[in-house]
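The values are calculated or read from the model by the stated rules, or taken from the named source; none is laboratory data. Given the structure is predicted, the values throughout are model-derived calculations rather than measurements. Methodologically, a virtual Cβ is constructed for each residue, glycine included, from the backbone with ideal geometry; neighbour enumeration extends over all protein chains shown.
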Amino acid sequence: MVARISIGKSIRGTLHYNENKVDGGEAHLLMASGFAGDIEQMTFMQKLNRFNHLLQLKPDVKTNTVHISLNFHSSENHDDSKLQKIATSYMNRIGFGDQPFLVYRHDDAAHQHLHILTTNITANAERIDLHDIGRKRSEPARKAIEEEYDLIKAESHKLKLQPDLQQVDLEKVQYGAIPTKRAISNTVTAVTRDYKFTTLAEYNAILKCFNVMALRGESNTPMYNNKGLMFSLIDKAGNPIGVPIKSSSFYSKPTLRNLEKKFEKNIKKKSVFKEDLKARIDTILKSGRNFNEGSLKEEAAKLNVDIIYRRTEQGLLFGITFVDHKNKVVFNGSELGKSYAAKAVNSQFLSNSIPQQKSERSLRPSIRRNQTTKSPLPSTTIKNDFISSPKSRAIPLEPDANYNMSRRRKKRKKRNQQINQGLKL
């Protein structure tokens with residue numbers, strides 16, 4: 001089992017994310033601990049108000065949302081009763097057993113996983129400390145639950161998780177099966193919350209993996225100058241489709257100003273995952289096999305890494321980006337090192353065709369030498385041959401012959417004129 005904890009400031013946005021999954025048939029509310037009434041009959045506002053009641057007790061605490069995902073191996077298929085027990089045991093072990101929490105079973109990935117939503121504000125108006133909760137509380141809880149329920153352990157090489165987030169199904173959106181705003185909202189909320197990115201370009205690199213894109217608009221426009229941001233679905237070619245939606249209209253508020261705050265915080269957060277990503281890429285690049293852009297991308301996908309090639313308008317490769325879905329982080333190749341930059345990776349692609357290129361070049365001089373006896377070479381080539389070959393110096397060139405003849409004629413004409421003048425005298 002793998003446990004992931006995300007800490008945020010929007011209980012409403014996180015609740016919307018899970019409820020949207022339920023509305024789309026991709027999730028199911030499994031249990032509601034600390035809530036009164038039938039969970040099947042509870043409305044969105046009833047769930048939200050239960051959390052807001054606690055948040056109002058400690059309004060000065062801004063980081064008040066805890067979103068947990070418990071992920072199981074793809075070969076495991078636990079019934080709802082067992083999943084409820086696992087969720088309850090985990091929450092008790094990390095010190096949130098007395099907190100109200102909602103448990104959703106998500107069915108949008110290849111492996112079974114739960115999402116748990118709660119707050120760290122208690123009924124006594126106290127704040128539960130979240131510092132280093134993953135190492136101090138979550139890890140011991142996870143290991144104990146793996147033993148108690150005979151789960152495949154996270155340290156096992158057998159446990160390879162697929163990304164929780166899946167690409168937006170463009171066909172379903174096009175035919176109205178999924179509202180466009182909800183489809184974009186699910187992706188944007190999950191990426192903004194879970195992934196570590198430090199620029200808008202990196203943010204877009206992740207979004208594009210799920211058929212979504214953030215748009216700034218044209219430069220020097222009011223939208224661009226006011227730091228406006230819109231989100232749109234994209235087609236397979238990466239072109240925006242449909243009507244873009246303003247970032248401020250989403251509950252998670254992924255505005256550019258809010259994203260810029262995350263940019264700074266994520267610089268340190270993502271650096272710890274650099275070596276792990278490099279090690280996985282090395283298993284491909286240093287395997288001794290020949291790769292082109294397509295095959296390298298396919299091999300990386302097997303390791304939960306998306307590769308994005310960046311090109312100029314002329315189609316030249318100038319950048320490469322690695323999106324690591326395992327650690328939910330993104331790096332440009334140059335950040336990882338020179339050997340992972342676009343120039344180095346591109347040279348490996350070219351090296352596969354170097355032997356053939358060399359053999360073609362070795363034939364070119366002999367072809368040219370054979371052609372000189374059959375057809376005249378350009379004037380520059382004749383000039384070079386004339387200088388380098390002693391025999392060629394005896395060959396009278398037509399321009400020089402004409403020039404000498406014209407000089408002789410002028411001398412003769414002048415001499416004749418002088419003779420005529422002498423006779424007159």
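So the values come out like this:
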| item | result |
| --- | --- |
| Selection count, the range 239-257, where residues are under 20 Å from LYS9 (Cα atoms) and among the aliphatic types (A, V, I, L, M) | 1 |
| Residues satisfying the stated conditions in the range 68-94, i.e. in contact (Cβ under 8 Å) with a residue 12 or more places away in the chain, in a helix (DSSP H, G or I) and closer than 27 Å to GLY8 by Cα | LEU83, GLN84, LYS85, ILE86, ALA87, THR88, SER89, TYR90, MET91, ARG93 |
| Test: GLY315 is outside the structural domain of LEU200 (by TED's automatic domain parsing), surrounded by fewer than 19 Cβ atoms within 10 Å (Cβ to Cβ) and on the phi > 0 side of the Ramachandran plot | yes |
| Residues located in the range 30-69, provided they are under 36 Å from the mean Cα position of the chain (by Cα), among the aliphatic types (A, V, I, L, M) and closer than 19 Å to ASN20 by Cα | LEU30, MET31, ALA32, MET45, LEU48, VAL66, ILE68 |
| Single residue of the range 299-333 satisfying the filter (under 14 Å from the mean Cα position of the chain (by Cα), polar (S, T, N, Q) and outside any strand (DSSP E or B)) that is farthest from GLY238 (Cα to Cα) | ASN327 |
| Extreme residue, farthest from HIS131 (Cα to Cα), among residues of the range 16-51 that are of a type in the set (S, T, N, Q) and crowded, with 16+ Cβ neighbours inside 10 Å | ASN20 |
| Selection count where residues are part of a loop (DSSP other than H, G, I, E, B), touching a helix residue (DSSP H, G or I) at 6+ places or on another chain (Cβ under 6 Å) and either in the same structural domain as LEU229 (by TED's automatic domain parsing) or acidic (Asp, Glu) (or both), scope the range 244-293 | 5 |
| Within the range 82-128, considering residues that are of a type in the set (Asp, Glu) and modelled with pLDDT under 95, the one surrounded by the most Cβ atoms within 10 Å (Cβ to Cβ) | ASP108 |
